[in-house]
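Q: Structure in structure tokens, see below.
The values are calculated or read from the model by the stated rules, or taken from the named source; none is laboratory data. Predicted model only: the values in this text are computed from it and were never measured. Note that each Cβ is placed from the backbone with ideal geometry, even for glycine, and that neighbours are counted across all protein chains shown.
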Protein chains: 2
Amino acid sequence: MVVAAAKSELTLLERSFAVIERLKAELDHKVVTGLAVREQHANVTTYLPNEPPDAVVFAECTQDVQAVVRACADYEVPVIAWGAGTSLEGHVNAPFGGICVDLSRMNRILAVNTEDLDCVVEPGVTRKRLNEELRDQGLFFPLDPGADASIGGMASTRCSGTNAVRYGTMKDNVLSLKVVTPTGEVITTATRARKSSAGYDLTRLYVGAEGTLGIIVEITLKLYGIPEAVSAAVCPFPSVEAACNTVIATIQSGIPVARIELLDEVQVKASNAYAKLALAETPTLFLEFHGTETSVHEQADRFGELAAELGGGPSVFAVKPEERTKLWQARHDAYWSVLPLRPGAKAVATDVCVPISRLAECVMETKRDIEEMGLVAPIVGHVGDGNFHTTLMVDVDDPEDFAKAKLYMKRLVERALAMGGTSTGEHGIGQGKMKYMLPEHGEEALEIMRSIKRAMDPKNIMNPGKIVAI
Amino acid sequence: MVVAAAKSELTLLERSFAVIERLKAELDHKVVTGLAVREQHANVTTYLPNEPPDAVVFAECTQDVQAVVRACADYEVPVIAWGAGTSLEGHVNAPFGGICVDLSRMNRILAVNTEDLDCVVEPGVTRKRLNEELRDQGLFFPLDPGADASIGGMASTRCSGTNAVRYGTMKDNVLSLKVVTPTGEVITTATRARKSSAGYDLTRLYVGAEGTLGIIVEITLKLYGIPEAVSAAVCPFPSVEAACNTVIATIQSGIPVARIELLDEVQVKASNAYAKLALAETPTLFLEFHGTETSVHEQADRFGELAAELGGGPSVFAVKPEERTKLWQARHDAYWSVLPLRPGAKAVATDVCVPISRLAECVMETKRDIEEMGLVAPIVGHVGDGNFHTTLMVDVDDPEDFAKAKLYMKRLVERALAMGGTSTGEHGIGQGKMKYMLPEHGEEALEIMRSIKRAMDPKNIMNPGKIVAI
């Protein structure tokens, strides 16, 4: 057989070229091999080196994805799914070359089921566009990682973001997936029923698998009614500890906050400058309350009482939509606001997540590390979940600076693990955090993950070199 | 090697006896082989025939479970985990014999972390006892399947129950698991962090796996603060359709109802007789609202308005704890209340779950089927999730009656699948619903589940003959 012969006699690069030839015949202009496009499809928002694929295929339908996967399976060539390129740990790099499947043209909203509060979308739909389309129907999809990520990418990294404290993460909001498997078959992981006990939870296995088990080509998402009333607030605190303790008290007392975000004083200063705010430059919580008019007021009042007991406040409220937008834009622009802090340096965002009882301690130790190592690294966090980010300004071309940055990130993860936390709350493993899989999970659990990968992708063609090495 | 020799030369039953001898030497009085105990550990709450294991081991610690699994692995003998025996689809039957591990003595609450709103428990802790222990700390674990199930069993069947509409299912409320793998190793699936993107979601893979991939020996659960105010209500409706449409409107308008349960008129009549209630014998919703005093009133008022628009109401409220308890006891006693409807018959509970937009239609078609087939089968449902149960009264000793019951259940599942639903919302697959795995998931997805089972349990010793056959 031609393929078997090809496989045994050709190098990986030659096989990749054979795949490209076959795909050009099948998919024509959708196959692009120019270096600029290939480099743009390898990782751009990370400190990791750019490792471009051998070609990019702009898929327009499930059949296109199947064609790519089948060709790659026949020649045992890597295939890497690409959504919007907003991942942060090298998820879309192509360390072994192969074919990148760009899913951004698969951006149709296939169904919005208002009675069932769900929708079915293609993976290239971005979260902002989805919400624009849903608005007229009084519905929204709450997950908000800041960047205008694609829904497929959000599912693949088990994304969460600012609203997760109330609405959960992608794990909680994906009802079902359509997936192209490593042999090019299409499966559906679940029905549209809200819950099921019918067999292994394939949905949750693909969510967060970063394209290493299959390529997501359709997502059924839970939706929510746009709340009748929304109110945002900014509340300053004398210390990170006071802010974190207020968060704990808020969650414990059952106030259903929709967002509760920490900005440390360094970040507040940066945001003041970037977003032209006039906030007190002290640890600050940004909050949002969703509900009825009455309940939103009640939530805000109760939060205010808890904050005051711990020396926080008074809160400044933003009730008008445009005021709220400005506030959350400032929060989302945290990444950009940090760039002027060290001109010429690259901003490297990293995240960890700890049990909330250890959050203040973890943030404070991290801030001490930042200071002692002479780094610039503001802290922002989805503190209701115990999840925080530091945006480290690194001169990646200076080996000493880069080494220091890597040491800092290693210490950050080790600190989180020592406190019973995880190496990443929402960014994912990609290439950047593979080295922490063993300390986090232990050899036996890691071996189970490897056995799953081997069973589901025996040729190791799906985004190889990410999450687990087999 | 002794074991290898044993394996090749001995029958399964002989190997099982060899395991029992070894375990008696290791675990002494914890190993029980009397028929009564063995039969009591095979399924008792189902229409399926009782298939007892060859022995029951009353495990008292993780090491005991490891000892059983290692012995069973060495001799390739089945091992079946047992919690409280409340499963409904033959999950704990032993069709190939082997060893049942009774986990009911592993019933310690290992930690309650009030700041983190979580706890760590052994699998034999029952949900009622857990809540008794938590009450003094102002916390509760909301999942409530009616029966006083064990937490390990609830995790293994991906249980949900009456509170799932607000608080989610076990999938959403298990943070981490400690699992004895088929080789007798112990792994931890996740940290106590509220969320993580670090690799494959092993937690969600074991939740709902019904003991076919490993035995859960420790569960970390999310907890919630006991709501400041709780109010329950009973609301009669002119039709099932009106009740279902009110549920849809309630969910759509974002009323965070904690429970919303449908009882059809047959069930209301049975419950009136059994629980000495005086409800109008018409389709009825039982509801519960959780929140602050203000918000509970507001929720109830808004629900009342929606119900009235669809011809429902007026609601009768139960605010005092003892009134509420009586109401929910009546709901939970639905199973028992049905027994007098056909004396001598066995009550067979089955469940399906459909997108909520199809619920009224599915319930009505099912009621028509019940009538046309001349069956007795009241309907109750967790209608906020689109999940409903019928309790079919069957004379299992009458072949004709039994055949009719099986036909009815087959038609029920086929109806749910045709409406985009699932063969089981919360009871699980066990033995009873294995035949629906193929129509529900399709051959390719089912083959992926089989490949996972083969990879994780290559000797097929973990609860074989359940979920998937390999």
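Q: Given the conditions (1) in contact (Cβ under 8 Å) with a residue 60 or more places away in the chain; (2) within 14 Å of chain B (Cβ to nearest Cβ), report the number of the one that A:A242 does not fulfil.
A: (2)
Q: Of the residues that sit in region A:303-338 and are touching a strand residue (DSSP E or B) at 6+ places or on another chain (Cβ under 8 Å) and hydroxyl-bearing (S, T, Y), which one is farthest from B:L117 (Cα to Cα)?
A: Among them, the one singled out is A:Y335.
For (1) buried (at least 24 other Cβ atoms within 10 Å of the Cβ); (2) under 30 Å from B:P464 (Cβ atoms), each residue gets a yes or a no:
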residue: B:A190; (1), (2): no, yes
residue: B:R194; (1), (2): yes, no
residue: B:D201; (1), (2): yes, yes
residue: B:Y206; (1), (2): yes, yes
residue: B:E210; (1), (2): yes, yes
residue: B:I216; (1), (2): yes, yes
residue: B:A229; (1), (2): no, no
residue: B:A233; (1), (2): yes, no
residue: B:P238; (1), (2): no, no
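Q: Within region A:21-67, can you find the residues that are farther than 13 Å from A:G98 by Cα and among the polar types (S, T, N, Q)?
A: Passing the criteria: A:Q40, A:N43, A:T45, A:T46, A:N50, A:T62, A:Q63, A:Q66.
Q: Filter region A:137-155 for residues that are assigned to a loop (DSSP other than H, G, I, E, B) and among the aliphatic types (A, V, I, L, M); which is farthest from the other protein chains (Cβ to nearest Cβ)?
A: Only one residue tops the list, namely A:A147.
Q: Within region B:206-216, is there a residue that is touching a His at 6+ places or on another chain (Cβ under 7 Å) and at the interface with chain A (Cβ under 8 Å from one of its Cβ atoms)?
A: no
Q: May I pose another question? Using the structure shown, decide if A:L341 is more than 14 Å from chain B (Cβ to nearest Cβ), touching a strand residue (DSSP E or B) at 6+ places or on another chain (Cβ under 9 Å), crowded, with 23+ Cβ neighbours inside 10 Å and touching a residue at least 12 places away in the same chain (Cβ under 8 Å).
A: No.
Q: Let me ask something else about it. Answer yes or no as to whether B:D351 is assigned to a strand (DSSP E or B) and among the charged types (D, E, K, R).
A: It is true that B:D351 is assigned to a strand (DSSP E or B) and among the charged types (D, E, K, R).
Q: Can you give me the number of residues within region A:417-470 that are in contact (Cβ under 8 Å) with a residue 60 or more places away in the chain, at positive phi, surrounded by fewer than 24 Cβ atoms within 10 Å (Cβ to Cβ) and within 7 Å of chain B (Cβ to nearest Cβ)?
A: Residues meeting the conditions: 1.
Q: Select the helices (runs of 4 or more DSSP H) contained entirely in region B:256-345, then report the ones holding at least 3 residues which are closer than 19 Å to A:S295 by Cβ.
A: By residue number, B:293-309.
Q: Here is a follow-up. List, please: which pairs have Cβ atoms under 9 Å, are six or more places apart or on different chains, and start with a residue in region B:25-53 that is in a loop (DSSP other than H, G, I, E, B) and end with one that is surrounded by fewer than 20 Cβ atoms within 10 Å (Cβ to Cβ) and of a type in the set (S, T, N, Q)?
A: B:A42/B:N50; B:N43/B:N50; B:V44/B:N50; B:P52/B:Q40
Q: Across region A:186-203, which residue is nearest to the other protein chains (Cβ to nearest Cβ) among those that are touching a strand residue (DSSP E or B) at 6+ places or on another chain (Cβ under 8 Å) and within 13 Å of B:T203 (Cα to Cα)?
A: So, considering only residues that are touching a strand residue (DSSP E or B) at 6+ places or on another chain (Cβ under 8 Å) and within 13 Å of B:T203 (Cα to Cα), the one nearest to the other protein chains (Cβ to nearest Cβ) is A:L202.
Q: Residue by residue through region A:146-160, note down the ones that are surrounded by fewer than 24 Cβ atoms within 10 Å (Cβ to Cβ) and more than 14 Å from A:G83 (Cα to Cα).
A: Passing the criteria: only A:G146.
Q: With the checklist (1) away from chain B (no Cβ under 14 Å); (2) farther than 23 Å from A:C353 by Cβ in hand, flag the one item A:G291 doesn't pass.
A: Exception for A:G291: condition (1).
Q: Can you go through B:A42, B:A71, B:A55, B:A67 and tell me which one is touching a Ser or Thr at 6+ places or on another chain (Cβ under 9 Å) and buried (at least 19 other Cβ atoms within 10 Å of the Cβ)?
A: On the way: B:A42 fails: touching a Ser or Thr at 6+ places or on another chain (Cβ under 9 Å); B:A71 fails: touching a Ser or Thr at 6+ places or on another chain (Cβ under 9 Å); B:A67 fails: touching a Ser or Thr at 6+ places or on another chain (Cβ under 9 Å).
After applying the criteria, what remains is B:A55.
Q: Now, a different point. Can you find a residue that is among the basic types (K, R), outside any helix (DSSP H, G or I), in contact with a strand residue (DSSP E or B) (Cβ under 8 Å, 6 or more places away or on another chain) and more than 28 Å from A:C362 (Cα to Cα) anywhere in region A:222-230?
A: yes
Q: Inspect all residues belonging to region A:156-169 and state whether any of them is modelled with pLDDT of 95 or more, at the interface with chain B (Cβ under 7 Å from one of its Cβ atoms), outside any loop (DSSP other than H, G, I, E, B) and farther than 24 Å from A:G90 by Cβ.
A: No.
Q: Just one of the numbered conditions (1) outside the structural domain of B:E426 (by TED's automatic domain parsing); (2) closer than 30 Å to A:E293 by Cα; (3) part of a helix (DSSP H, G or I); (4) not aliphatic (A, V, I, L, M) is not true of B:S357; which one?
A: Evaluating B:S357 over (1) outside the structural domain of B:E426 (by TED's automatic domain parsing); (2) closer than 30 Å to A:E293 by Cα; (3) part of a helix (DSSP H, G or I); (4) not aliphatic (A, V, I, L, M) leaves (1) as the failure.
Q: Report yes if B:T33 is surrounded by fewer than 24 Cβ atoms within 10 Å (Cβ to Cβ), of a type outside the set (G, A, S) and under 20 Å from the mean Cα position of the chain (by Cα), otherwise no.
A: Against the criterion (surrounded by fewer than 24 Cβ atoms within 10 Å (Cβ to Cβ), of a type outside the set (G, A, S) and under 20 Å from the mean Cα position of the chain (by Cα)), B:T33 does not qualify.
Here's the yes/no breakdown for (1) more than 26 Å from the chain's Cα centre (by Cα); (2) buried (at least 17 other Cβ atoms within 10 Å of the Cβ); (3) away from chain B (no Cβ under 14 Å); (4) of a type in the set (G, A, S):
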position: A:L327; (1), (2), (3), (4): no, yes, yes, no
position: A:E371; (1), (2), (3), (4): yes, no, yes, no
position: A:N387; (1), (2), (3), (4): no, yes, no, no
position: A:P399; (1), (2), (3), (4): yes, no, yes, no
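Q: Continuing with the same structure: Which number in (1) within 14 Å of another protein chain (Cβ to nearest Cβ); (2) over 19 Å from the mean Cα position of the chain (by Cα); (3) assigned to a helix (DSSP H, G or I) marks the one condition that A:K410 misses?
A: In the conditions (1) within 14 Å of another protein chain (Cβ to nearest Cβ); (2) over 19 Å from the mean Cα position of the chain (by Cα); (3) assigned to a helix (DSSP H, G or I), A:K410 misses (1) alone.
Q: If you don't mind, another one. If you take the residues in region B:131-146 that are under 24 Å from B:L205 (Cα atoms) and not aromatic (F, W, Y), which one is farthest from the chain's Cα centre (by Cα)?
A: B:P142
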